Structures are given as structure tokens and as C-alpha cells.
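Asks: Sharing a structure below in C-alpha cells format, with a few things to ask.
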Amino acid sequence: MKIILIKYGELTTKSGNRNIFINCLYNNIKNALASYNVKIIKNRVRMFIEVEDNIDEIVSILQNIFGIHSIVIATRVNTNTKEIEENALNIASQIDFKTFKVETERADKNFKIPSMEFSRQIGSLILKNIPNITVDVHHPEYLLKIEIREDYTYIYHKEIPALGGYPVGVAGKGLLMLSGGIDSPVAGYLAMKRGIKIECIYFESPPHTSEMAKSKVKKLVRELTKYEPIITLHIVKFTDIQEAIYKNIDSTYMITIMRRMMYRIASKIMENNSCLCLINGESVGQVASQTLTSMHVINSVTNYPVIRPVACLDKLEIINIAKKIGTYDISILPYEDCCTIFLPKHPVINPSIDKAVLYEQSFDYKNLIADAINTIQTIKIRYKENNFDI
């Protein structure tokens, strides 16, 4: 019988709480494959998915689920020598190769033949029945693997790499500041890889920003739903706050004050939605608001931890990840977000908290923030949903 075998990778480094990670992964896989006729069996070292058809489709879905180290399409047989030999020879006979090696993992110690000896036994059988091949234990062209477990034996030869990391949700929930640029979707992807379930917040500033810019952000969220099937997006109207900053704040401090307002609003959304951290796409030194001094001044308005997954990556590294996950071409669409409008020529690089607080006293930002929070639009974006075109 054909079966999909899931290898955990990093999850196996967990000890007492390993079951929490495995159960979270199990639920994520179960939800992702809800529309397929599958049976999922889990234990502490492997997960097995029995499938009747659509194997290629199911594998492509599994490749986007965090917490899976690799995927194997295996043949499952009863644990007896004759059946293992017959199936191993049949599988090897269907592959074109010149050199090979057999590796056996004998998890079931009731199977009397030691791993090395059984590998030699199967290798000898293959040598006798397939012409013009040789054994190469160091650099084989073809590697046949046999896992002998208590219930069944699994035979396979191809391991498909997956994303690794931790299952989404096992680390709690965070709020991602999604601007529409290249960096923030990458930050969201990397946060999910560490097990953080994300919600997103987007600040719009109509009429200074367009509906096209908002649709672009929705497309970015939809791209991220490959890794988390449903993502909540909070859309904040930031126009009144941004115009008040433009009218009342020294131009050098406009970006600093704007970010502090965004953090205040985000903190309220996190409080209302049980989020444990704020996530953004800041990279140290990339722009004026991303110096360590600026980060310190901006952070001071929230008690939530701020996670910056791309903080120590350079722009080319971030772009490479964006291309890999499919967000780059969306991010470079030419629609301005509110962070790029009213951009001063010389923003302060090393702002002072005292000056920031003093500038904020020049306008009634608390009521403006309350109004913005009261008019937030919250939507859920689902995998493969396409009711917003740009």
C-alpha cells in the first residue's frame, strides 16, 4: 500500500512537550487536508497519511505546512522477510541507476536480523536480479531505505524536503504590521515558521493611498495563506492621524511619531485579539526609523514584545526569501502605502523620547486613535480566495 510518511525534524528535539508540537502539527495537517479522503496516524517519531488518490496534490499541500522536515511516499508492507524482499526488489527494479546502497532502520527490535546484515541481504538480492549495477556505500546514485517498525515496514527511496520549523499556532498568536512592501510579508512568513499564528494590520490613508494599495495588501495576505489557511486582516483608517502629524509635527520627527501612533493602535488590537507580540519587517539600519535608537523610541509606547524576523538580514537576503514564497512580484507593484507619503527629506536618525513626547502634546492624538480603532475594518482572507483583483 502507498502511504505518505511525515518526518518531524526539529520537533524531535523536544522532550517533555513534544506531544504538544506533534498534536498541533496533526491538527494543521488535518485541517489542510479536510477535503481529501485520508487517514492520519501519528506517533512520537513519525506521522503516516493513508491516501487513496491525489498523492501529488496532497504532497504539494504538505510542503507548505510548517513543522514538517521532509515527506516520503513509501510502500507499506507487513514485517516479514519475504514480503520486504519482494517489494524492495520490485521498487528498485523500476528505477534506472548504476550504483546503489540499502539503508535499514530497525526500530522494531523483535525483528531478528540486525540492520547492517539486513541491508546486505537486500543489497545482495538486488545485485543478483538487476544487471549492470554495483554497490557504492559512500556516494550511491540510488539509495533505498527500509524502516522496520512494530506495526509495518516502510520502503522508500525519495525524500521530499519541506519547510521545517514549528507548527503554526504552537507558539501563540502575533500581529503582523503589513505595509505592502517587500520586508513585512517575509517577516510574517518567518514568524509563522517559528510557530506563531499571525493576524495582520494594515494602515490606509485615503485619499492619499488608493484602493489598489489596499487590494495589493490583501493579495499579500492571500499569498501567506499557503502557510496558514485563514488569516485575519485589520484595516485601519490612518488619514486623520497622518494629516495631524503633517500639520503639527516637525518634519524630522514625522516618521517617528507616525510609528509611535501605529504601535499604540496595534497594541489595542493585540489586547482585543489575544495577540502576544507585534511583528514587523524592520531591518536594522535600512531606513531612518530602523536605527536602534529609533526602534527604542518607537517601542517605548507598547509593553508588548516586538519581533523583527528580518532585523539582521540584508535587502538581497530578504528579496530572495520574498521570491521563494511568492510575495515579491506583488510587493513591487507601484501602489504607495501610508509609510511613503509625506516622507520628509531628512528624518531624524537618533530621535529623543523626550522630544517625541513633547511633539505629541501638540495635537489630540488620543481621540484620533480612539476614532481610528472604532472604525477598523476586519476581514478574513482564505486560501485561494480571489475576490479582490488589482
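The values are calculated or read from the model by the stated rules, or taken from the named source; none is laboratory data. It should be emphasised that the depicted structure is a prediction, and the values quoted were computed from it without experimental measurement. Cβ atoms come from the backbone with ideal geometry, glycine included; neighbour counts cover every protein chain shown.
Asks: Output yes when any residue across region 165-182 is within 15 Å of Pro309 (Cα to Cα), β-branched (Val, Ile, Thr) and in contact with a Gly (Cβ under 9 Å, 6 or more places away or on another chain), and no when none is.
Replies: Looking for residues that are within 15 Å of Pro309 (Cα to Cα), β-branched (Val, Ile, Thr) and in contact with a Gly (Cβ under 9 Å, 6 or more places away or on another chain), one finds at least one in region 165-182, hence yes.
Asks: Suppose the filter is closer than 20 Å to Met212 by Cβ, at pLDDT 95 or above and hydrophobic (A, V, I, L, M, F, W, C); does Ala372 pass it? Talk me through it step by step, then tell me what you get.
Replies: On the way: closer than 20 Å to Met212 by Cβ: no; at pLDDT 95 or above: yes; hydrophobic (A, V, I, L, M, F, W, C): yes.
Judged against the criteria, Ala372 is not a match.
Asks: Right, here's the next one. Failed condition for Glu243, given (1) without any contact (Cβ under 8 Å) to a residue 24 or more places away in the chain; (2) under 28 Å from the mean Cα position of the chain (by Cα); (3) part of a helix (DSSP H, G or I), with all others met?
Replies: (2)
Asks: Considering only residues that are within 15 Å of Ile330 (Cβ to Cβ), charged (D, E, K, R) and more than 22 Å from the chain's Cα centre (by Cα), which ones fall in region 200-232?
Replies: Lys214
Asks: Let me ask something additional. Somewhere in region 295-318, is a residue loosely packed, with under 15 Cβ neighbours inside 10 Å, polar (S, T, N, Q), in the same structural domain as Met177 (by TED's automatic domain parsing) and not in a loop (DSSP other than H, G, I, E, B)?
Replies: Our first condition is that a residue be loosely packed, with under 15 Cβ neighbours inside 10 Å; within region 295-318, this holds for 296, 300, 303, 305, 312, 314-317.
Now restrict to residues that are polar (S, T, N, Q): 300, 303.
Remaining after also requiring in the same structural domain as Met177 (by TED's automatic domain parsing): 300, 303.
From the residues that got through so far, the ones that are not in a loop (DSSP other than H, G, I, E, B) too are none.
Among the residues of region 295-318, not one is loosely packed, with under 15 Cβ neighbours inside 10 Å, polar (S, T, N, Q), in the same structural domain as Met177 (by TED's automatic domain parsing) and not in a loop (DSSP other than H, G, I, E, B), which makes the answer no.
Asks: Out of all the residues in region 183-208, which are surrounded by fewer than 21 Cβ atoms within 10 Å (Cβ to Cβ) and assigned to a loop (DSSP other than H, G, I, E, B)?
Replies: Once the filter is applied, which keeps residues that are surrounded by fewer than 21 Cβ atoms within 10 Å (Cβ to Cβ) and assigned to a loop (DSSP other than H, G, I, E, B), region 183-208 yields Gly195, Pro206, Pro207, His208.
Asks: A further question follows. Out of all the residues in region 253-289, which are in a helix (DSSP H, G or I), among the hydroxyl-bearing types (Ser, Thr, Tyr) and in contact with a helix residue (DSSP H, G or I) (Cβ under 9 Å, 6 or more places away or on another chain)?
Replies: Taking region 253-289 and keeping what is in a helix (DSSP H, G or I), we get 253-272, 288-289.
With the extra rule that they be among the hydroxyl-bearing types (Ser, Thr, Tyr), the set shrinks to 253, 256, 263, 267, 289.
Within region 253-289, Tyr253, Thr256, Tyr263, Ser289 meet the criteria.
Asks: Same structure, new question: Looking for whichever is in a loop (DSSP other than H, G, I, E, B), among the basic types (Lys, Arg) and either touching a residue at least 12 places away in the same chain (Cβ under 8 Å) or within 30 Å of Ser274 (Cα to Cα) (or both) here; the options are Lys218, Lys226, Lys214. Which one fits?
Replies: Working: Lys218 fails: in a loop (DSSP other than H, G, I, E, B); Lys214 fails: in a loop (DSSP other than H, G, I, E, B).
Checking each option against the conditions leaves just Lys226.
Asks: Here is a further query. From the list Glu211, Glu159, Glu141, Glu150, which residue is surrounded by fewer than 23 Cβ atoms within 10 Å (Cβ to Cβ), at negative phi and modelled with pLDDT of 95 or more? Please lay out each step first, then the result.
Replies: Numbers: Glu211 fails: modelled with pLDDT of 95 or more; Glu159 fails: modelled with pLDDT of 95 or more; Glu150 fails: modelled with pLDDT of 95 or more.
Within the list Glu211, Glu159, Glu141, Glu150, the selection yields Glu141.
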